[in-house]
Amino acid sequence: MHGRYALAEAYRLAGVDRNSAFLAPAYHCVTMLDPALALEGEVHLYPLRADLAPDPVALDKVLGTVRKPVKALLATHYFGIAQDFTTLRQWCAERDIVLIEDCSHVLFTEQFQASGTGSHGRFVVSSPYKFFACDDGGLLHSADARLLDGLATESAPLSDELRGLKRVLEGSRSPTLTTSDIASIDRQLVSLSAKPVVPGKDAITERSVPSSCYSAALTARASLRSSRFVVAHSPLNDNILRRRANYDRWVESLASVPNCHALFPVLPRDCAPYMFPLHIDHPDPHFYWLKHLGVPIWRWDEMADSGCPIAREYRLHLLHLPCHQALTEDQMTWMTTAVARTLQHVAGAVP
Ligand SMILES: Cc1ncc(COP(=O)(O)O)c(C=O)c1O
């Protein structure tokens, strides 16, 4: 199972249902809202500041517009950077709203909890699989274990367990890159930029049910045994150091590159980054070119619409770039070079 199903249990335990409302951050991926929609809860989005911290003044305004009782608020530590939720916790407590702390981007496992995270929410949810070489793994935690009394999980079918084990034994299969791949980036960019950009279809659709990324039947499914084994036996310190080194490599490689800036240029001490968030000035054409070069980039362009200017801007401008511990030196060199060259590239330039 994944973190989204742990979120489903947290929302349910907090009392989210068809007669109540739920507050979620305006910058989100669909799997953060899916479980609330599955419970038929009314979802309201609260605005964030540029550093992705909740905006306390705006929260009161949002609350003032909600007619149904608000049962829960989800607060996220994005990209592994711990936010200080002390004030938010107080705000929720004063209004009898359950704070659910989203540690999906944080190294938060049964064995290890990143500093500054997991101590504010009545429920804490994480996705350990995002930090390890395994197929799944979501975690629901509460400092008050009695709150989780009565929750039971069912084991995955044997076929899923075997598939998970096979993947773990095979290891990750990532492409091998050579110096000629790096040397050909400029040529590829010239050829890409000579062609017109074919924009994706950007449309707003109404949806009151979960996305296809969510299956209510999996809510009680336990994580695979192989995943739990990998999480419990991976070299944590080494992984954290590698992730930090890859993150810093991104920061250094792009420091003097135009048309972009790192959202968090300095990693806090003790932080295990999940991804490197990069703000780009011109998603059109840069996002398009990067995708066509094959750079593994993500962005949350499928997002519920809100009045939050930051979420609206980041939807297309904020790229999530990998800093996983398993990335090789050549892969990092290729990716950082491809991003740097693309962001400096001007259509019609000759290499
Ligand atoms: C911030 C955040 N919270 C929660 C989730 C849900 O996590 P999972 O993929 O483990 O279901 C995601 C998914 O990527 C996420 O990015």
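What is the percent carbon and sulfur in the accessible area of the chain, measuring with a 1.4 Å probe over the protein chains and ignoring ligands? Walk me through the numbers before you get to the answer.
Values: 9150 of 17090 Å².
Within the chain, the accessible surface is 54 percent carbon and sulfur.
What is the chain's relative contact order, in percent, from Cα pairs under 8 angstrom and six or more apart in sequence? Intermediate values should be presented prior to the final figure.
Numbers: 620 pairs, mean separation 74.4, N = 351.
This gives 21 percent for the chain.
To check my understanding: the extent here is largest minus smallest coordinate of the Cα atoms along each principal axis. What are those three numbers for segment 57-179, in Å, largest first?
Here the Cα extents, ordered largest to smallest, are 53, 47, 28 Å.
Report, ordered by chain and residue number, the lysines lying within cross-link reach of K166, taken as a straight Cα distance under 21 Å and ignoring same-chain residues fewer than 8 apart.
K130
Please give the net charge around Y274, taking every other residue with its beta carbon less than 11 angstrom from that of Y274, where Lys and Arg add +1 and Asp and Glu add -1. Before the final figure, lay out the partial values.
Working: positive: K130, R243; negative: none.
Around Y274, the charge tally is +2.
For a protection proxy built on the mean count of beta-carbon atoms within 10 angstrom, sort 46-57, 8-19, 275-286, 210-221 highest first, please.
In decreasing order of mean packing, 46-57, 8-19, 275-286, 210-221 become 8-19, 275-286, 46-57, 210-221.
Counting heavy atoms of the protein chains only and a 1.4 Å probe, report the per residue accessible area for the chain as a whole number of Å². If you can, show how the numbers build up before the last one.
Details: 17090 Å² over 351 residues.
Per-residue accessible area for the chain comes out at 49 Å².
Find the relative contact order for segment 178-321 and round it to a whole percent, using C-alpha pairs within less than 8 Å whose residues are 6+ positions apart. Before the final figure, lay out the partial values.
Details: 98 pairs, mean separation 33.4, N = 144.
Contact order relative to length: 23 percent.
Among the lysines, which fall within straight-line cross-link reach of K61, defined as a Cα-Cα distance under 23 Å, with same-chain neighbours fewer than 8 residues apart omitted?
K71
Give me the one-decimal nm value for the distance between modelled label points at S159 and D96, 7 Å along each residue's Cα-to-Cβ direction.
Placing both labels 7 Å beyond Cα along the Cβ direction yields 4.8 nm.
If we count every other residue with Cβ under 12 angstrom of N246's Cβ, Lys/Arg +1 and Asp/Glu -1, where does the sum land?
Working: positive: R242, R243, R244, R249; negative: D248, E252, E329.
Its environment carries a net charge of +1.
I'd like the trypsin sites (Lys or Arg not before Pro) in segment 117-191 restricted to DSSP loop residues with at most 16 other Cβ atoms within 10 Å, sorted by number. Before the final figure, lay out each step's value.
Values: sites: R122, K130, R146, R163, K166, R167, R173, R187; in loops: R122, R173.
The qualifying sites are R173.
Could you work out the per residue convex hull volume over the alpha carbons of the chain, in cubic angstrom?
Details: hull volume 50.4 nm³, N = 351.
Here the figure is 144 Å³ per residue.
The values are calculated or read from the model by the stated rules, or taken from the named source; none is laboratory data. Please read these numbers as outputs of a predicted model, since none were measured by experiment. Cβ atoms come from the backbone with ideal geometry, glycine included; neighbour counts cover every protein chain shown. With ligands, DNA and RNA removed, areas are computed over all heavy atoms of the protein, side chains included. Shrake-Rupley method; radii C 1.70, N 1.55, O 1.52, S 1.80 Å.
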